[in-house]
Amino acid sequence: ALCGESLMGLDVSGDAQLHERIKEINKVIFRESQQDSKLSGMGTTVAGLAFLEEGVLAFNVGDSRVYRVRDQFLEKITKDDTSAQALEDAGVFEQGTVRAKTGHGLLQALGGSNKFMEVTPNTYVCEFRKKAQFLLCTDGLTDMLGQDEMENCLSAESPRTIVDTLFL
């Protein structure tokens with residue numbers, strides 16, 4: 001909630017402002033986790049969209065993702081900050097197969113450590129088309145369903161039905 005509230009209504013004219021806000025949120029989450037022993041090690045990942053005049057700015061830290069929906073197919077916009085993604089990028093494993101073999105292995109997150117670590121948000125400028133649709137999700141969804149299974153849920157007419165199909 002802290003992360004979402006801090007990003008809501010943000011007037012972003014470029015990725016530099018977004019980077020700074022996410023870095024501030026990281027500091028707040030870390031500070032909160034240090035002040036209350038029940039929150040020790042508390043952390044989160046984040047993914048979102050900022051709508052700019054020149055297009056859409058997709059962003060993430062960790063393994064929360066942004067997908068663009070085109071003709072009922074998902075195009076993954078963001079890259080995960082995980083050891084699995086690094087192995088895929090290096091060509092060690094085929095895309096989508098490594099995570100089941102290696103686990104998450106988060107390389108960065110907001111908070112989530114007993115030692116403060118700076119984050120570098122990932123940003124991606126996307127073309128914005130009329131009636132564009134995006135799916136933002138955490139690993140709570142992507143660990144439960146493969147991309148093909150998620151795409152099968154996109155045939156519903158209303159966004160509410162799609163969400164109900166994916167999560168219920």
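The values are calculated or read from the model by the stated rules, or taken from the named source; none is laboratory data. These figures come from a predicted structure and were not determined experimentally. Methodologically, a virtual Cβ is constructed for each residue, glycine included, from the backbone with ideal geometry; neighbour enumeration extends over all protein chains shown. Note: areas computed on protein heavy atoms with side chains; ligands, DNA, RNA excluded. Shrake-Rupley method; radii C 1.70, N 1.55, O 1.52, S 1.80 Å.
For the range 124-147, residues that are under 29 Å from Ala109 (Cα atoms) and either of a type in the set (S, T, N, Q) or open to solvent by 50 Å² or more (accessible area, probe 1.4 Å) (or both) total 11.
Cβ separations smaller than 8 Å between residues 6+ apart or across chains give the following pairs from the range 112-124 residues that are aromatic (Phe, Trp, Tyr) to residues that are open to solvent by 70 Å² or more (accessible area, probe 1.4 Å): Phe116/Lys27. Residue count for the range 91-133, restricted to those that are of a type in the set (D, E, K, R) and modelled with pLDDT of 80 or more: 6. Scanning the range 121-153 for residues that are small (Gly, Ala, Ser) and under 18 Å from Phe73 (Cα atoms) turns up Ala132, Gly146. Would you confirm, using the coordinates I've provided, whether Arg21 is part of a helix (DSSP H, G or I), surrounded by 11 or more Cβ atoms within 10 Å (Cβ to Cβ), at pLDDT below 90 and among the charged types (D, E, K, R)? Answer is no for this residue.
Taking residues in the range 14-41 that are touching a residue at least 40 places away in the same chain (Cβ under 8 Å) and closer than 13 Å to Val61 by Cβ, and partners anywhere that are in a helix (DSSP H, G or I) and hydroxyl-bearing (Ser, Thr, Tyr), the pairs with Cβ atoms closer than 6 Å and at least 6 places apart or on different chains are Ile25/Ser6. For the range 148-168, taking the residues that are open to solvent by 70 Å² or more (accessible area, probe 1.4 Å) and farther than 18 Å from Lys131 by Cβ, the one that is nearest to the chain's Cα centre (by Cα) is identified as Phe167. Against the conditions (1) touching a Gly at 6+ places or on another chain (Cβ under 6 Å); (2) open to solvent by 70 Å² or more (accessible area, probe 1.4 Å); (3) of a type in the set (A, V, I, L, M, F, W, C), Ala109 satisfies every one except (2).
Candidates in the range 69-87 are the residues that are over 16 Å from Cys137 (Cα atoms) and surrounded by fewer than 18 Cβ atoms within 10 Å (Cβ to Cβ); of these, the one that is farthest from the chain's Cα centre (by Cα) is Asp71.
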